[in-house]
Amino acid sequence: MNVEADSLNAAVLGPDAAPGGDMYETFLKDVLRDMTQKAGQKCTAIRRVLVPAEHATTARDDLAEGLKAVRVGNPALEETRMGPLASSSQFADVREGIARLGAEGKPAFGSAAPLAGKGFFVSPVLIEFAEDALAAAAHAREVFGPVASLLPYSGKGADASAIVARGNGGLVSSVYSEDAEFLEEIVSGIAPYHGRLFLGHPKIEMSPGPGTVLPQLVHGGPGRAGGGEELGGVRALAFYMQRVALEGSRPVIQKLIGAQPS
């Protein structure tokens, strides 16, 4: 039985979603929430952020400003917006992952330095890569913490799809656009690599964002995500069942399964 293993979930900003617009603001909100919720320790957290190159500088600055407002500390305190990592080994793994990303990109916000306090506290971290950079580390290893990579792309759906596909399969990726041609191109391009796609839109009231899995949706994915499948309503029950094929005389099989002869 395959199981969920790893996922480099992506958020893709479309070329029509210019800074200052409602779609852009929805994108920012979702990325900031899913980077830092549970200190990034969830399988559906956003790990790769794809932005058209013409908007990359603005998006970098806006994300950095949003991350700056995330207060890290004791989760029992009302003003805290992000708590610690789960363990010392998790803390060490996240810091090592940040170092690997930083060796190819450059910090846009935060660092691997431990924060003051009793616990395994680390700042949210955004690593910026140049357009067309290989960014091998960003596509090869999930850093299971509040860490994401900012990846500029040309603005074309095919190019964004090719970058997302370097993650070799994932649980969920999200797209923020109202351009029908772009949506058709990127959805068809990245669908084979994911169990779920989230099409963000400012008119979706009380949107749970891409990081929330609803009971009737597939939760699972191909490739590095493990090939498993959970939830999905009735269709998911087969995941937990042993099935067998009966081959033999029709009357005998009909009697075994209680079917009436036709």
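The values are calculated or read from the model by the stated rules, or taken from the named source; none is laboratory data. Since the model is a prediction, treat every value here as computed from it, not as a measurement. In this analysis, Cβ positions are derived from the backbone assuming ideal geometry, glycine residues included, and neighbour counts consider all displayed protein chains. Quick note on the areas: whole protein, heavy atoms, side chains included, nothing else; ligands and nucleic acids left out. Shrake-Rupley method; radii C 1.70, N 1.55, O 1.52, S 1.80 Å.
Magnitude of the charge dipole for the stretch 132-261, about its Cα centre and with charges confined to Cβ atoms of Lys, Arg (+1) and Asp, Glu (-1), is about 700 debye. Spin-label model, Ala259/Glu25: points 7 Å from Cα along the beta carbon direction are separated by 5.9 nm. Charge dipole (Cα centre; +1 on Lys/Arg Cβ, -1 on Asp/Glu Cβ; no other charges) of the chain amounts to roughly 1160 debye. From the square roots a ≥ b ≥ c of the eigenvalues of the alpha-carbon gyration tensor of the stretch 151-240, which class results: rounded (a/c under 1.5), prolate (a/b over b/c), or oblate? Cα axes put the stretch 151-240 in the oblate bin.
Give the percent of DSSP beta bridges with both residues in the chain that are antiparallel, rounded to the nearest 5. Around 25 percent antiparallel, to the nearest 5. Summing Cβ point charges (Lys, Arg +1; Asp, Glu -1) relative to the Cα centre of the stretch 189-262 gives a dipole of roughly 160 debye. The mean sequence separation of alpha-carbon pairs under 8 Å and at least six residues apart, normalised by the residue count of the chain, gives a relative contact order of 24 percent.
Note on Ala103 and Val234: the extension gain reaches 42.6 nm, defined as 0.36 nm multiplied by sequence separation minus the Cα-Cα distance. Dipole of the chain computed with +1 at Lys/Arg Cβ and -1 at Asp/Glu Cβ about the Cα centre; of Gln260, Phe129, Ser154, farthest Cα towards the positive end is Gln260.
Sum -39500 (n - 2.57) across every DSSP H segment of at least 4 residues in the chain, then divide by the residue count to get the 222 nm mean residue ellipticity, nearest 500.
Working: 7 runs with 78 residues, N = 262.
Estimated from H runs of four or more residues: -9000 deg cm²/dmol.
Take the Cα of Leu197, step 7 Å toward its Cβ, do the same at Asn74, and the gap between the two points is 4.7 nm. Remark: the chain carries 51 Å² of accessible area per residue (probe radius 1.4 Å; ligands, DNA and RNA excluded).
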